[in-house]
């Protein structure tokens with residue numbers, strides 16, 4: 001076994017092509033041979049600042065032989081060994097797609113040679129022309145949220161590479177990605193909601209499903225994954241403890257709810273309790289909403305989604321997502337006076353602040369109305385003569 005060269009010792013030489021090269025030892029292979037990292041410049045004077053920075057960046061670093069892996073090889077390994085065991089199937093599917101997109105641009109580059117500039121160019125390219133499906137009204141640009149998700153996933157993968165000593169510095173650090181520019185939320189107003197409720201009342205197959213959704217705001221996978229064991233007839237509660245990802249060839253793919261607070265027990269409104277109680281006496285299945293197509297399996301989320309879209313089309317209502325029924329429930333709940341902490345528990349949000357941030361369009365209106373009420377209340381108690389700032393406004397001279 002060859003003797004190890006101490007890490008961080010810089011060496012300078014002039015190459016045959018006239019350029020100057022500075023290199024340091026940044027790790028060792030299994031056989032003891034050193035792993036080098038180099039910088040280049042036209043003159044020795046230009047080289048030295050680069051070499052000093054290289055030495056500083058790799059101070060105390062001991063890379064392994066795996067640092068020669070390509071980005072594609074590392075992402076495959078990371079997905080299989082680190083991501084797959086802890087992710088829900090739907091999230092893992094998204095990660096695989098995002099890894100494929102990244103590999104289209106930098107998959108063949110060695111992880112140890114990947115730079116922040118490489119990552120930034122990739123993100124810029126994604127934003128400019130990264131949309132997979134060419135939708136005429138949207139153009140070729142990838143949405144801000146998609147670019148951001150790609151970055152967050154890649155940042156996590158490269159952070160793991162840093163911990164495994166494949167790289168010294170995470171190259172995604174220092175990149176600029178779009179912020180969280182969420183689209184304005186779309187919900188059914190009171191008139192539209194009344195039309196929707198009237199339509200499902202006339203639908204004996206889907207009424208209970210959509211009534212439960214509109215009175216609890218469950219996620220689509222959560223409502224599809226309900227079993228009768230989750231329904232407590234005595235307490236009038238419903239336990240949320242699983243989520244149905246999809247049904248493939250009649251086989252249900254179940255997982256945990258989306259967030260750590262997703263496993264929860266909610267108290268049902270009286271009308272919703274009665275709907276489930278009556279349904280339990282009619283349905284011969286362990287599932288609250290069994291599949292019509294596949295015996296012994298739950299209703300597929302895709303089936304509920306398509307029925308929802310058909311209802312909207314028949315009623316000439318805005319083409320909102322199924323998830324917007326959840327937003328519709330939450331919006332009307334807040335307007336009716338349900339506090340953020342209680343609503344957060346019903347929805348399975350991580351905390352009440354997230355609920356407030358999500359439904360700020362409602363809370364802002366409520367704050368404005370509250371300020372008007374408080375103003376009227378204070379005026380009634382104190383009288384206008386004890387509110388001098390109003391008089392000041394009236395008597396202020398016009399210049």
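For the stretch 190-352, the square roots of the Cα gyration tensor eigenvalues, ordered a ≥ b ≥ c, give a/c below 1.5, which places it in the rounded category. Would you please classify the overall shape of the stretch 281-353 from the alpha carbon gyration tensor, given that a ≥ b ≥ c denote the square roots of the eigenvalues, rounded means a/c under 1.5, and beyond that prolate means a/b larger than b/c while oblate covers the rest? Judged from the Cα gyration tensor, the stretch 281-353 comes out oblate (a/c at least 1.5, b/c at or above a/b).
In terms of the mean number of neighbouring beta-carbon atoms within 10 Å, the peptides 186-197, 320-331, 203-214 order highest first as 320-331, 203-214, 186-197. Between residue 38 and residue 234, the C-beta separation translates, for a Förster distance of 45 Å, into a calculated FRET efficiency of about 0.05.
Apply 1/(1 + (r/R0)^6) to the Cβ-Cβ distance of residue 116 and residue 152, taking R0 = 22 Å, and write down the FRET efficiency to the nearest 0.05. Rounded to the nearest 0.05, the efficiency is 0.85. Rounded to 0.05, the FRET efficiency of the residue 313 and residue 256 pair, given R0 = 35 Å and the Cβ-Cβ distance, is 0.55. Along the Cα-to-Cβ line of residue 173, 7 Å from the Cα, sits a label point; which residues in the stretch 19-54 have backbone N less than 17 Å from it? Answer for the stretch 19-54: 53-54. Gain on full extension, evaluated as 0.36 nm per residue between residue 271 and residue 163 minus their Cα-Cα distance, stands at 33.5 nm. For the pair residue 246 and residue 56 in one chain, pulling the backbone fully straight at 0.36 nm per residue adds 63.4 nm over the alpha carbon distance.
Every read-out reported here was derived from the displayed coordinates using simple, explicitly stated rules and does not represent laboratory data. Being a predicted model, the structure only gives us computed values, none of them experimental. All Cβ positions, even for glycine, are placed from backbone atoms using ideal geometry, and neighbour counts span all protein chains on display.
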